[in-house]
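Readers should treat all values here as calculations from the given coordinates under stated rules, not as data from a laboratory. Values in this document were obtained by computation on a predicted structure and should not be read as measured data. We place every Cβ from the backbone using ideal geometry, glycine too, and count neighbours over all the protein chains shown.
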């Protein structure tokens, strides 16, 4: 039975993530050291002690990438591999490292720039994001279209069939929420994020990222990676374009899982802090087998599951 790896995205970060495995595993410390050298600050100190900084986009993204790649390296060390991979937004960079498309240093450089470009394109207060629960995709898209007379608003994350995040300019998002409420949608939750990610407001960040990607060499992908933007397998020659588009395009997580299932994946491992993606998986298909890697207990459980799966 095929195994799918899923890498955590921004928003999953938490103070102290990876600390237990950092102290226990030399390989984790080595990844953290590489990140600190490349970024010019102590990533371990940031992640373990500086919560305010950790929640700022320009620090969050390199931190989550570092932790996720470190955890993946522990699976690699055991000879455990996925048959197909994906990641939620930022997590796509971790998946591309794991696939061999580019190395960790290149990913750090890209993610560091990406984070700064995103923070610049959508400074705090310009936009907002709201998770809409238990409403059809068609209704949400229709009400966002209606609300666009007030500014930018559109679906930004198709997380599960019944959880879609909308994002955009504050006035337009508020109008979409009012229209959905009038259409009897009862549960909508504003998200604590610093900007309206994956909307057209991020176009300036997308354009700058395209230039940064020109300096990176993309290698053949040893393991298929499903694109957030298309929910299809990424081809080597498409990677730069897809990463450029991803910043300002909706994330199709639910469709990505369906694609992975069509490729035989029934066992999924969430790699990185938290269990957001495992929660999404249960809503998409409760019959899928899920495990996580974020501390010693979950790592050992995953070793057992994947060892028995091979």
* Asked: For all pairs of alpha-carbon atoms in the range 64-105, what percent lies in each bin of width 10 Å, listed from the first bin to the last filled one?
  -> 30, 63, 7
* Structure fact -> Put in order of increasing Cβ neighbours within 10 Å, starting from the fewest, 106, 254 give 106, 254
* Structure fact -> Per-residue ellipticity at 222 nm attributable to helices in the chain (runs of n ≥ 4 DSSP H, -39500 (n - 2.57) apiece, nearest 500 deg cm²/dmol) works out to -15000 deg cm²/dmol
* Asked: What is the Cα convex hull volume of the range 1-153 when expressed per residue in Å³?
  -> 151 Å³
* Asked: For the range 224-309, what does the alpha-carbon gyration tensor say about shape, rounded, prolate or oblate, given a ≥ b ≥ c as the root eigenvalues, a/c under 1.5 as rounded, and a/b over b/c as prolate?
  -> prolate
* To do: Work out Dmax and Rg for the range 127-194 from the C-alpha atoms and quote the Rg first, both in angstrom.
  => 10.2, 28
* Structure fact -> Taking 23, 198 and counting other beta carbon atoms within 10 angstrom, the fewest-first order is 23, 198
* Semi-axes of the chain's equivalent ellipsoid from the Cα gyration tensor, sqrt of 5 times each eigenvalue, largest first, rounded to whole Å? -> 30, 22, 18
* **Ranked list, fewest to most other Cβ atoms within 10 Å of each Cβ, for 117, 5** => 117, 5
* **Most mobile listed residue (87, 79, 127) in the chain, GNM with C-alpha springs under 10 Å** => 79
* Any idea what angle helix 170-182 forms with the longest principal axis of the chain, computed on alpha-carbon atoms, 0 to 90 degrees, nearest 10? -> 70 degrees
